[in-house]
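Written out below as structure tokens is the structure these notes cover.
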There are 2 protein chains.
Amino acid sequence: MARLVSVSDPADPRLADYVRLRDVNLRKSLEAEHGLFVAEGEKVIRRAAGAGHPARSFLMARRWAGPLADVLDATDAPVYVADDATLEAVAGFQVHRGALASMERLPLPAVDDVVADARRIVVCEDIVDHTNIGAIFRCAAALGVDAAVLAPRCADPLYRRSVKVSMGAVFALPYARMADWHGGLAALRGHGFQLLALTPAADAVPLDDVAPAERRALLLGAEGDGLSSRWLREADAAVRIPMGETALARGVDSLNVVAAAAIACYALTRD
Amino acid sequence: MARLVSVSDPADPRLADYVRLRDVNLRKSLEAEHGLFVAEGEKVIRRAAGAGHPARSFLMARRWAGPLADVLDATDAPVYVADDATLEAVAGFQVHRGALASMERLPLPAVDDVVADARRIVVCEDIVDHTNIGAIFRCAAALGVDAAVLAPRCADPLYRRSVKVSMGAVFALPYARMADWHGGLAALRGHGFQLLALTPAADAVPLDDVAPAERRALLLGAEGDGLSSRWLREADAAVRIPMGETALARGVDSLNVVAAAAIACYALTRD
């Protein structure tokens, strides 16, 4: 049986894992130092636990202890229960989903291991926005991409907001992080991947016309800045999503990175 | 020449159009009462003006008066200039883009007029999220959809956040609002549109297998709840985005509405 522990002091040191969840800088250093991440909401907590992440503790409104009983009973981690006001005072915002878990990170696999059996991968360069990285993981996992590889500066998929937006897909799609941005693409080419750089550039190859390939890597850059010139140069081809005939006349010449990634993942996993 | 008027009192009644821009309920009633909307940032302000919306006034940091000089000079509307602290005190948040415009709404065209020459349209049922409606307009405009039709309860494309997320596509894609949710689809069928209801349901037709059609309407429902049972029943076909073979095994069984709309617009405008 789970140990339910009532708490009411927002400054209780046992709740230190959950403080100021919207303070990005604080959270980055706190989570790195302790090797933890925070899962929010029943569904995401279940997925994180199901993916093998050990729980350090839980913090929730009492009403969630019942629905999550099987997850709570499977660990020795303490379950702190608090009223909504205390939850808000600790987390720094109104915790609509009512349940939080502090989970242990697991060692990330090496890039070579993650791509070993993959046919279709996404490679995220400097996607620093947590919402975007979460949404890209959700799309990639849903559309049958086999794995993701992240450049060193790409945002953390286990940041609370990434996890939430991904609906837990960050636990479903295997991923690894390149140690070396400079040589990272050469390593993937060494595995036989066709490297396709997604860009809005008018002279890129339309998605429909991309040459067939046994192994394919879709390179995604940040909203706005796009891929670095180095990665664009190293790619086997620059590919673009064909815009409607009327789009340019309308002055609408691009998609956001998540919509573009969704379409590209869809088109490139059809064969 | 534009009339630049320095302001420093956040309670200045001349700034009433710009108050508390994140207070959704206040803004809805204020904007409806005065027939206005707020455009944010140089690019969006240009697009709104270019689409023929008369300006009521502008409110900006002085540094934006130069880059926007041509837009400001083309109207008699007053240009209020303020420091960043005043801007923040009026708007209720830090106005990163530094320039706001209060613009007049124009009468919406009738549904019949908007779809008269359209081959591909999106029809949004109860998409109440302003971010989602803005993102859907951006995708639809970029991918060559000809027009949008909104159900009575669908969110306002001219709400500040919708406009911003759309990157101004709400001014590029013609749209109209159904007066009648109940009979709205029958009217579109009367125009000869094939009505395709996008859904994650496993028994829906995969996008790749949809029958060809001269005129096509893609029906989109809200994140989570999806389309109403009435609209699903009235559609000619329910269509789904094929998920990857591994997706279900991973427990990832859906896309967010924007990613799904992007893929469907892409696939259904290819022919």
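The values are calculated or read from the model by the stated rules, or taken from the named source; none is laboratory data. Note that this is a predicted model, so its numbers are computed, not measured. When we count neighbours, we look across all protein chains shown, and the Cβ atoms used for this are built from the backbone with ideal geometry, even at glycine. Protein only, heavy atoms only, side chains kept; ligands, DNA and RNA dropped before computing areas. Shrake-Rupley method; radii C 1.70, N 1.55, O 1.52, S 1.80 Å.
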_Estimated vicinal HN-Hα couplings, Hz - segment B:219-234 in sequence order (Karplus 6.51, -1.76, 1.60; Gly, Pro = x)_ = 8, 10, x, 5, 3, x, 6, x, 6, 5, 5, 5, 5, 4, 5, 7
*Which shape class, rounded, prolate or oblate, goes with segment B:132-190 when its Cα gyration tensor gives a ≥ b ≥ c as root eigenvalues, a/c under 1.5 marks rounded, and past that a/b bigger than b/c marks prolate?*
oblate
*Rough spin-label spacing in nm, given labels placed 7 Å along Cα→Cβ, for B:Val5 and A:Leu248*: 4.3 nm
*asked:* At 1.4 Å probe size, with the rest of the protein present, what percent of the exposed accessible area of chain A is carbon and sulfur atoms?
replied: 52 percent
*Please find, in a Gaussian network model of chain B (springs between Cα atoms separated by less than 10 Å), the residue of B:Val170, B:Val252, B:Val111 whose mean-square fluctuation is greatest.*
B:Val252
*For A:Val95, distant residues with modelled amide H under 5 Å away*: A:Glu88
_For chain B, take the longest principal axis of its alpha carbons; what is the angle in degrees between that and the long axis of helix B:24-34, to the nearest 10 within 0 to 90?_
70 degrees
*Report relative contact order for chain B in percent, whole number only (criteria: Cα-Cα under 8 Å, sequence separation at least 6).*
18 percent
*List every residue whose amide H lies under 5 Å from the amide H of B:Gln194, counting only residues 5 or more places away in sequence or on a different chain, with H placed 1.01 Å from N in the peptide plane.*
B:Arg215, B:Arg216, B:Ala217
*Could you give the angle, 0 to 90 degrees to the nearest 10, between helix B:181-190's Cα long axis and the longest principal axis of the Cα atoms of chain B?*
70 degrees
*How far is B:Ala11 from itself in the other copies, in nm, if each label sits 7 Å out from Cα along the Cα-Cβ line, shortest first?*
3.6
*asked:* Defining the label point at 7 Å along Cα→Cβ, can you sort the distances from B:Val205 to the same site in each other copy, shortest first, in nm?
replied: 3.2
*What residue among A:Ile121, A:Ile45, A:Ile241 shows peak mean-square fluctuation when chain A is described by a Gaussian network model with Cα springs under 10 Å?*
A:Ile241
*asked:* On the principal axes of its Cα set, how long, how wide and how thick is the protein assembly as shown? Give whole Å, largest value first.
replied: 67, 57, 50
*Using a Gaussian network for chain A with springs between C-alpha atoms less than 10 Å apart, which of these wobbles most: A:Ala48, A:Ala169, A:Ala16?*
A:Ala16
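Can you give the % of DSSP beta bridges in chain B that are antiparallel, to the nearest 5? List each step's numbers first, then the result.
On the way: 11 of 38 bridges.
Taking every DSSP beta bridge with both residues in chain B, the antiparallel ones total about 30 percent.
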_segment B:160-185-segment A:34-100 distance, computed between alpha-carbon centres (Å)_ = 39 Å
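With both partners inside segment A:4-104, how many of the DSSP beta bridges are antiparallel, as a percent to the nearest 5? Kindly include the intermediate steps, with their values, before the conclusion.
Details: 10 of 16 bridges.
Bridges in segment A:4-104 are about 60 percent antiparallel.
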*List the distances, in nm to one decimal, from the label point of B:Val24 to the label points of the same position in every other copy, shortest first, placing each label point 7 Å from Cα along the Cα-to-Cβ direction.*
2.3
*Run down the lysines and flag those whose C-alpha is under 30 Å from the C-alpha of B:Lys43, throwing out any fewer than 8 positions away in its chain.*
B:Lys28, B:Lys164
_Given Cβ point charges of +1 (Lys, Arg) and -1 (Asp, Glu) and nothing else, what value in debye, to the nearest 20, does the dipole of segment B:184-271 about its Cα centre take?_
220 debye
*Among A:Thr86, B:Leu158, B:Ser254, which residue has its Cα positioned farthest towards the positive end of the charge dipole of the protein assembly as shown, with +1 placed on the Cβ of Lys and Arg, -1 on the Cβ of Asp and Glu, and the dipole taken about the Cα centre?*
A:Thr86
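Give the relative contact order (percent, whole number) for segment A:111-268; include only Cα pairs under 8 Å separated by 6+ residues. Spell out each step's value before the answer.
Details: 290 pairs, mean separation 42.4, N = 158.
Taking the mean separation of contacting Cα pairs over the length of segment A:111-268, I get 27 percent.
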*How compact and how long is chain B, expressed as Rg and Dmax of its alpha-carbon atoms in Å?*
20.6, 64
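What does the C-alpha gyration tensor say about the overall shape of segment A:4-104? Classify as rounded when a/c is under 1.5, otherwise prolate if a/b is larger than b/c, or oblate. Kindly include the intermediate steps, with their values, before the conclusion.
Working: a/c = 1.57, a/b = 1.11, b/c = 1.41.
Verdict is oblate for segment A:4-104.
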*Taking only protein heavy atoms into account and a 1.4 Å probe, give the accessible area per residue of segment A:111-268 in Å².*
36 Å²
*Distance from the Cα centre of segment B:103-125 to that of segment A:127-141, in angstrom?*
32 Å
*Shape call, segment A:111-268: gyration tensor on alpha carbons, a/c limit 1.5*: oblate
